[in-house]
Amino acid sequence: MRKDMPEPPHALEVCNHHATGMLEIAWSDGVTGILAHRVLRESCRCAHCTAEMRRGRPVRAGDGTRIVSIEALGGSMLQLVFNDGHQRGIYPLAYLRSLAAPGN
C-alpha cells in the first residue's frame, strides 16, 4: 500500500446479538455497522449459494435465522455458522462493511 493512502478501516469488535438477530461491528474509523442475521444468510457468497443464485434460486432466510457461531479467519474474514446448518459462508470484512453501508 502506498504511504500517502490511508489504511482502510478494520474491525475493532464484533458482537453477535443472538436474541435480536443482529450482528454489530465496530470499525476503527468510528463507524458501527449493524446487520440482520437474515440479511447475512441471504448474502452468502459461498460456492453453493452462488450456484443457487445463478440458477434463479436465491437463498430465502426467515426472521428466525440466527448466527450460532462466529470464527475469525486470518484477521480479515469471518466464518458465520447459521441455525439452518449452513456453515460454508466466509465473509470478508470488507464485504461486511459494504453490506452495512447506508443504502444497502
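The values are calculated or read from the model by the stated rules, or taken from the named source; none is laboratory data. Keep in mind that this is a model prediction, so the values were computed, not measured. Cβ placement follows ideal geometry from the backbone for every residue including glycine, while neighbour counts extend to all protein chains displayed.
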Yes or no: region 42-51 includes at least one residue that is outside any strand (DSSP E or B), modelled with pLDDT under 95 and either acidic (Asp, Glu) or touching a Phe, Trp or Tyr at 6+ places or on another chain (Cβ under 6 Å) (or both).
no
Residues being polar (S, T, N, Q) and surrounded by 13 or more Cβ atoms within 10 Å (Cβ to Cβ): count how many of those fall in region 9-36.
1
Taking Thr50, is it out of contact with any strand residue (DSSP E or B) (no Cβ under 7 Å at 6 or more places or on another chain) and among the β-branched types (Val, Ile, Thr)?
yes
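In region 37-53, which residue that is within 12 Å of Met22 (Cα to Cα) and not aliphatic (A, V, I, L, M) is surrounded by the most Cβ atoms within 10 Å (Cβ to Cβ)? Before you say what the answer is, go through the steps one by one.
Quick first cut of region 37-53, residues within 12 Å of Met22 (Cα to Cα) only: 37-41.
Next, only the ones that are not aliphatic (A, V, I, L, M) stay: 37-38, 41.
Values: His37: 24, Arg38: 19, Arg41: 22.
In this case the residue turns out to be His37.
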What residue, among those in region 54-87 that are charged (D, E, K, R) and surrounded by 14 or more Cβ atoms within 10 Å (Cβ to Cβ), is nearest to Thr20 (Cα to Cα)?
Arg66
The conditions are (1) more than 17 Å from the chain's Cα centre (by Cα); (2) outside any loop (DSSP other than H, G, I, E, B), and Ile34 fails exactly one of them. Which is it?
(1)
Quick one: what pairs do we get from region 80-98, first residue in contact (Cβ under 8 Å) with a residue 24 or more places away in the chain, second polar (S, T, N, Q) and buried (at least 17 other Cβ atoms within 10 Å of the Cβ), C-beta under 7 Å, 6+ apart or different chains?
Phe82/Thr65; Asp84/Thr65
